[in-house]
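Before any comments, here is the structure.
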Amino acid sequence: MAELRPEQLSRALDRGLAAAYLVAGEEPLLIEESLDLIRAQARAAGFTGREVFHVETGFDWQRLTHAADSLSLFSDQRLLELRLPTGRPGKEGAAVLKALAERPAEDTVLLVICGRLEPAQRRAAWVKTLTDHGTTVHAAKLRRDQLERWVENRARERGLKLAPAAARLLAERNEGNLLALSQEIDKLLLLAGDQANQVEQGLDAVREAVADSARYAIFDLPEAVIQGDVLRTQRIVERLRAEGEEAVLVLWGVARELRVLADLQDTQAQRGDTAAVLRRHRVWRNREGQMQALSQRGPTGGWRGLLARAAAVDRIIKGAQPGSAWDELLELSTDAARIAGMTVANRKKA
């Protein structure tokens, strides 16, 4: 019937309840809110019973089949909730799920809950069958450039007026932590009181009210560096340090990008095969153009010099050289982001 994003689910439920749902993704908040909507709609439609199954090693899939085939002693209509964290039901499980989706019992609604589904898993026959005969909701992880719009929409739904700069600050302070972001919006709504939908909450008010709850992964740092975003680079380094990440792993992510850029720049100077460099370093195809541009327009020898500094940071981490590893890592990442930022700016002017 349909494959939806979480924000499309409410309108779809208004049109009626499907016989089967698959809710999967990487955003726990969006998954839980989608589940709450489905459960509420099921209760309103008379599906007051609920049976929950957890798929673990050795799970007996016939339990689910028998539950679908049998009448409940306490309720005529039930929600059968299957928690499948891996998204891999196996051959027997896939067959059971396909059969239940194709021939749903009149007194049950099937709700399958997974984590992130890899592309190959999303193409699996059981997933396609659930989508064709029911509704699939994919709660994909929000990209950084989607967060500000999400904040604006969320605030509007809650009845809170936010200035654009305030929405941007909220997104920055809570990047990678959608639950904290939602809680900050609710807190602002509470603080604004009766004025929430009348007086626009500005940057200063939001800055005073919100906490910095951003969560970053190690790979967020090299992304910020090559994008030339100095402030975000510094914020990520400090956050990773506060969260107790291993400095050697953080350095590895930055050094990998510097190594690619240094090798590309050296190869370009010698008029060599840059495509071979990109293949050797396994650079993603959608980033090849960006890496080529950074290496071409960066200062001569600049990336190689930064890579040498990365080697020095590595020696500090291993105790072979004195110094503060995190301070040096912050300075290295900041300088790399500045060079990348100047390169991007020069490219735009050209």
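The values are calculated or read from the model by the stated rules, or taken from the named source; none is laboratory data. All values reported here derive from a predicted model rather than from experimental measurement. Counting neighbours? That spans all protein chains shown, and the Cβs are built from the backbone with ideal geometry, glycine included.
Could you please give the count of residues in the stretch 2-46 that are touching a helix residue (DSSP H, G or I) at 6+ places or on another chain (Cβ under 7 Å) and on the phi > 0 side of the Ramachandran plot?
Matching residues across the stretch 2-46 total 1.
Against the definition (within 29 Å of Glu175 (Cβ to Cβ), without any contact (Cβ under 8 Å) to a residue 60 or more places away in the chain and not hydroxyl-bearing (Ser, Thr, Tyr)), how does Gly298 come out, yes or no? Working first, answer last.
Working: within 29 Å of Glu175 (Cβ to Cβ): yes; without any contact (Cβ under 8 Å) to a residue 60 or more places away in the chain: yes; not hydroxyl-bearing (Ser, Thr, Tyr): yes.
Yes.
When only residues in the stretch 14-37 that are in a helix (DSSP H, G or I) and out of contact with any Leu (no Cβ under 6 Å at 6 or more places or on another chain) count, which is farthest from Ile113 (Cα to Cα)?
The first filter runs over the stretch 14-37 and keeps only residues in a helix (DSSP H, G or I), leaving 14, 28-37.
If we keep only those that are out of contact with any Leu (no Cβ under 6 Å at 6 or more places or on another chain) too, we end up with 14, 28, 30-33, 35-36.
Numbers: Asp14: 21, Pro28: 11, Leu30: 12, Ile31: 8, Glu32: 10, Glu33: 12, Leu35: 9, Asp36: 12 Å.
Checking each candidate, the answer is Asp14.
Test each condition in (1) at pLDDT 95 or above; (2) in contact with a Leu (Cβ under 7 Å, 6 or more places away or on another chain) for Val250 and report the one that comes out false.
(1)
In this structure, does Arg309 turn out to be surrounded by fewer than 17 Cβ atoms within 10 Å (Cβ to Cβ) and out of contact with any Lys or Arg (no Cβ under 6 Å at 6 or more places or on another chain)? Give the derivation first.
Details: surrounded by fewer than 17 Cβ atoms within 10 Å (Cβ to Cβ): no; out of contact with any Lys or Arg (no Cβ under 6 Å at 6 or more places or on another chain): yes.
No.
Can you tell me how many residues within the stretch 198-222 are crowded, with 17+ Cβ neighbours inside 10 Å and either of a type in the set (Val, Ile, Thr) or modelled with pLDDT of 90 or more (or both)?
Looking only at that region, the number is 4.
Just wondering, is there one or more residues in the stretch 265-287 that are over 13 Å from Ile226 (Cβ atoms), in contact (Cβ under 8 Å) with a residue 60 or more places away in the chain and loosely packed, with under 15 Cβ neighbours inside 10 Å?
There is no residue in the stretch 265-287 that is over 13 Å from Ile226 (Cβ atoms), in contact (Cβ under 8 Å) with a residue 60 or more places away in the chain and loosely packed, with under 15 Cβ neighbours inside 10 Å.
Out of (1) within 22 Å of the chain's Cα centre (by Cα); (2) under 23 Å from Gly93 (Cβ atoms), the odd one out for Ala67 is which?
That leaves (1) as the condition not met.
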